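One structure is given below, encoded as structure tokens.
The values are calculated or read from the model by the stated rules, or taken from the named source; none is laboratory data. The model shown is predicted, which means the values in this text are computed figures rather than measured ones. FYI the Cβ positions are ideal-geometry reconstructions off the backbone, even for glycines, and counts take in every protein chain you see.
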Ligand SMILES: Nc1ncnc2c1ncn2[C@@H]1O[C@H](COP(=O)(O)OP(=O)(O)O)[C@@H](O)[C@H]1O
Ligand SMILES: [Mg+2]
């Protein structure tokens, strides 16, 4: 069974009273448990919009077309109320936002602890987990710094730590290495791969970096609000093969 399965995912943004923009034009996507999937495509092709829908941050459009479907762990996400969606997002998913979304008044460790709080974990346990997650991304010594006192790359790693802290089964990351130099980028990728191997965590990453794409099990190409290629079973099986060899 797929971990995450979407059908007929559409999103139209209203730009003004008369103008709308169809950012997602009916996308079908299926993510298997334990996969690391890259989503690639030109700027404006709908990658972030798709990630926000897969991460339950936005609901797909349900008017003008076939009924959208989204299931996570076999559960229907479209029918859920906002409260339940928030609960699942907090406990079972981790999200790295393209622009980090760190709270400027909180330190790195407090920003990470916020994700624990949302998942119902507080106090000493949350602080320990947050420090551990910062350690994973090599930021132990920056735990008490506020975002403004951190470089772009360090802020990005705080955002990654926050996504990982609750050990979610699914991590959705929008350009998680976009602000990192190639050495850091490789380090973060290595970390994700290790977590994938050791804990079976599933990752969906938006990336512009072909090297990051290559390091993933599979690449989903987007263009103009659609997924470009329908890969054959044989091609998918070949990818599985290289994955096992890695
Ligand atoms: N909140 C929004 N309001 C209006 N238009 C938006 C909004 N978010 C995204 N768009 C538009 O939707 C299209 C897809 O955007 P996005 O999903 O961010 O693409 P990508 O992440 O691939 O760059 C773009 O044309 C973008 O300008
Ligand atoms: Mg984007």
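Kindly establish whether residue 71 is assigned by TED's automatic domain parsing to the domain that holds residue 202 and surrounded by 15 or more Cβ atoms within 10 Å (Cβ to Cβ).
In short, yes.
Can you name the residue in segment 196-214 that is surrounded by 18 or more Cβ atoms within 10 Å (Cβ to Cβ) and closer than 24 Å to residue 150 by Cβ and is also nearest to ligand 2 (Cβ to nearest atom) among such residues? Ranking the qualifying residues of segment 196-214, first place goes to 206. If we scan segment 161-173, do we find a residue that is within 16 Å of ligand 1 (Cβ to nearest atom) and either in contact with a strand residue (DSSP E or B) (Cβ under 6 Å, 6 or more places away or on another chain) or at pLDDT 95 or above (or both)? Yes, the conditions are met somewhere in segment 161-173.
If I go through segment 24-39 residue by residue, how many of them are in contact with a helix residue (DSSP H, G or I) (Cβ under 9 Å, 6 or more places away or on another chain) and surrounded by fewer than 20 Cβ atoms within 10 Å (Cβ to Cβ)? Going through segment 24-39 one residue at a time, the tally reaches 1. The set of residues from segment 208-228 being under 12 Å from residue 177 (Cβ atoms) and within 11 Å of ligand 1 (Cβ to nearest atom) comprises just one member, 208.
Of all the listed residues (170, 150, 134), the sole one being under 16 Å from the mean Cα position of the chain (by Cα) and buried (at least 17 other Cβ atoms within 10 Å of the Cβ) is 170. Counting only residues that are under 13 Å from the mean Cα position of the chain (by Cα) and either in the same structural domain as residue 130 (by TED's automatic domain parsing) or away from ligand 2 (no atom under 16 Å from the Cβ) (or both), segment 173-194 holds 1 of them. When 122, 153 are checked against the criterion of being touching a helix residue (DSSP H, G or I) at 6+ places or on another chain (Cβ under 8 Å) and without any contact (Cβ under 8 Å) to a residue 24 or more places away in the chain, 122 stands alone in meeting it.
Taking every residue in segment 193-219 that is part of a helix (DSSP H, G or I) and pairing it with any residue that is within 16 Å of ligand 1 (Cβ to nearest atom), at least 6 positions away or on another chain, the pairs with Cβ-Cβ distances below 6 Å are 212/177; 213/38; 213/40; 213/207; 213/219. Among the helices (runs of 4 or more DSSP H) confined to segment 1-119, the ones with at least 1 residues that are away from ligand 2 (no atom under 16 Å from the Cβ) and within 14 Å of the chain's Cα centre (by Cα) are located at 82-92.
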